[in-house]
1. I need the full set of residues from the stretch 257-314 which are farther than 19 Å from P411 by Cβ, within 11 Å of the ligand (Cβ to nearest atom) and touching a Cys at 6+ places or on another chain (Cβ under 7 Å), in order please.
2. Quickly run through the stretch 316-331 and pick out the residues that are touching a residue at least 40 places away in the same chain (Cβ under 8 Å), surrounded by fewer than 24 Cβ atoms within 10 Å (Cβ to Cβ) and more than 11 Å from the ligand (Cβ to nearest atom).
3. Taking K380, is it among the basic types (K, R) and within 16 Å of the ligand (Cβ to nearest atom)?
4. List pairs: first residue in the stretch 193-216 and on the phi > 0 side of the Ramachandran plot, second residue at pLDDT 95 or above and of a type in the set (G, A, S) anywhere in the structure, Cβ distance under 9 angstrom, at least six positions apart or on different chains.
5. Go through the residues of the stretch 90-105 one by one and say whether even a single one is more than 16 Å from the ligand (Cβ to nearest atom) and without any contact (Cβ under 8 Å) to a residue 12 or more places away in the chain.
6. Which count do you get for residues in the stretch 194-213 that are of a type outside the set (V, I, T), surrounded by 14 or more Cβ atoms within 10 Å (Cβ to Cβ) and more than 19 Å from A239 (Cα to Cα)?
7. Please determine, by comparing only the residues of the stretch 161-189 that are aliphatic (A, V, I, L, M), assigned to a helix (DSSP H, G or I) and over 14 Å from V277 (Cβ atoms), which one is farthest from the ligand (Cβ to nearest atom).
8. Which members of the stretch 190-228 meet the condition of being part of a loop (DSSP other than H, G, I, E, B) and either within 13 Å of the ligand (Cβ to nearest atom) or over 23 Å from G282 (Cα atoms) (or both)?
Amino acid sequence: MDVARESAGMVAEETLDPPDWAEVQALSRRAVDEAVNYLRDVRDRPVWREMPADVRGMFRAPLPRSPTPLAAVYGEVSRTVMSYPMGNIHPRFWSWYMGSSNFTGALGDFLAAIQGSNLGGGNHAAGLMDSQVVNWCKEMLGFPASASGTLVSGGSMANIIGLTVARNVKAGVDVREHGVSAIEKPLRFYGSDQIHACHRKAMEALGLGNRALRRIPTDAGLRIDIDALRAAISEDRAAGFKPACVIGTAGTVNTGAIDDLRALAKLAHEEGLWFHVDGCIGALIAIAPQNAHRVAGIEWADSVALDPHKWLHSPFEVGCALVRDAAAHRRTFAVTPEYLESTPRGLASGEWLHDYGLQTSRGFRALKVWMALKEHGVEKFGRLIDQNIAQVSYLAGLIEAEPSLELAAAPTINIVCFRYQPGLAGEALKALNTEIMLRLQEQGIAALSDTTVHGGHWLRVAITNHRTRRDDLDLLVREVVRLGREITAQGHVSS
Ligand SMILES: *Cc1c(COP(=O)(O)O)cnc(C)c1O
């Protein structure tokens, strides 16, 4: 015993490491076994279920002040969190738009957390892998190797990255130094009236304001009307605005419509605008052999947002922004002046990855993407995308064959909108279909969402799911019809 320390009244240091590693090993083995079974048996559980009051109550427990054995902590998580999931890993989850995760990706997240590296930069393997995954994303989309990119939390952030570079390049002044008030002519951005809500938030955060984003009408297929866009641009120029950026959508969230990306690229080029593509849904169609033609032109974009946690099924979160002009990308975010070099050797000799976005500390998102791509190969991911698109057209066929169901429009990709139609209209029809949707969820059968298309209310199925089978779609149609009849027979729609 160190007499000096003892006399100074120093107690032994504490650590978060366990006192007994063997015990942690045993518990971890159990947790992994249970996690594997959890995925194996996902089909046998309800898609979703309402939490009982006592489970809800657990989430109001106050800040723990004293310790709880890890086994008890894990037990509580099993009973509460793991038992009441959102359900998006289930084969019959088709709400909104999200991927269905995968075990290898989860293992990647675990190992990334174990290694614990910070991807803000530095000379270490995780940093190199992060750049490699960005390079793989470029390769998947046919982007040039000289382009830059960054992994971010998701598509919304990836869009913000692209739009920020667009603003700074087109502002005509040093926005970083002087702010948006120094911009002489107000900038205008353009997207279709189907554009995702994250672009509004981006315009607000960029200090340009929601009105700087003009929503251009869409054609019958809900794709941006190119002539209307051209007219809006010249109207704005004449009115003293500075048209700066066209945002094309490769796969709208409502119906999966894909703007004519080639025409948009051409128009942006002629008009001297930045061309950004929101490819959160559809950019990855570029790897799907039967459908890649639908996103032709994406490789001409100045920037693209894509979302590996959607059609690559990476566990949340991971999005990716790609920027053709790497120097413009770096100029938008770098805080280290170009002449300040990192150390010639050692840990600080790597690239500073925080120079390509807003975060300083960055998680090791790349590993989960890398491991799953390595295990399966990109071709399988491409086939799975084709499979989902084929499943949606199978479902559209079932809907058309069922007299009590109505299809909103023939699907383009993996999203289809339809409704149960017993001869009602307006609010009554909406209430009935909403009730069908809620009962499907509450009975744990399937998760759908709803939306408005061409002014009408529709149920919406988006299949971004590597576990869905055609049987699941047969079942969906049977159950929608059963519930529609049941609710109609009950003669009322509860609210
Ligand atoms: C999902 C989605 C986004 C937002 O992406 P997140 O990963 O949810 O942040 C943006 N645009 C479109 C078209 C989307 O489908």
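1. Those that are farther than 19 Å from P411 by Cβ, within 11 Å of the ligand (Cβ to nearest atom) and touching a Cys at 6+ places or on another chain (Cβ under 7 Å): A305, L306, D307, P308.
2. R324, D325, A326, A328, R330, R331
3. Considered against the rule, which asks whether it is among the basic types (K, R) and within 16 Å of the ligand (Cβ to nearest atom), K380 comes out as no.
4. From the stretch 193-216, the pairs are G207/G179; G207/S181.
5. The answer is no; no qualifying residue exists.
6. Of the residues in that region, 9 qualify.
7. Taking the stretch 161-189 and keeping what is aliphatic (A, V, I, L, M), we get 161, 163, 165-166, 169, 171, 173, 175, 180, 182-183, 187.
Next, only the ones that are assigned to a helix (DSSP H, G or I) stay: 161, 163, 165-166, 169, 175, 180, 182.
Right, trim to over 14 Å from V277 (Cβ atoms) and you get 169, 175, 180, 182.
Working: V169: 22, V175: 24, V180: 23, A182: 29 Å.
Ranking the candidates gives A182 first.
8. Those that are part of a loop (DSSP other than H, G, I, E, B) and either within 13 Å of the ligand (Cβ to nearest atom) or over 23 Å from G282 (Cα atoms) (or both): Q194, I195, H196, A197, L206, G207, L208, G209, L222.
The values are calculated or read from the model by the stated rules, or taken from the named source; none is laboratory data. Given the structure is predicted, the values throughout are model-derived calculations rather than measurements. Please note: Cβ atoms are built from the backbone with ideal geometry, for glycine as well, and neighbour counts cover all protein chains shown.
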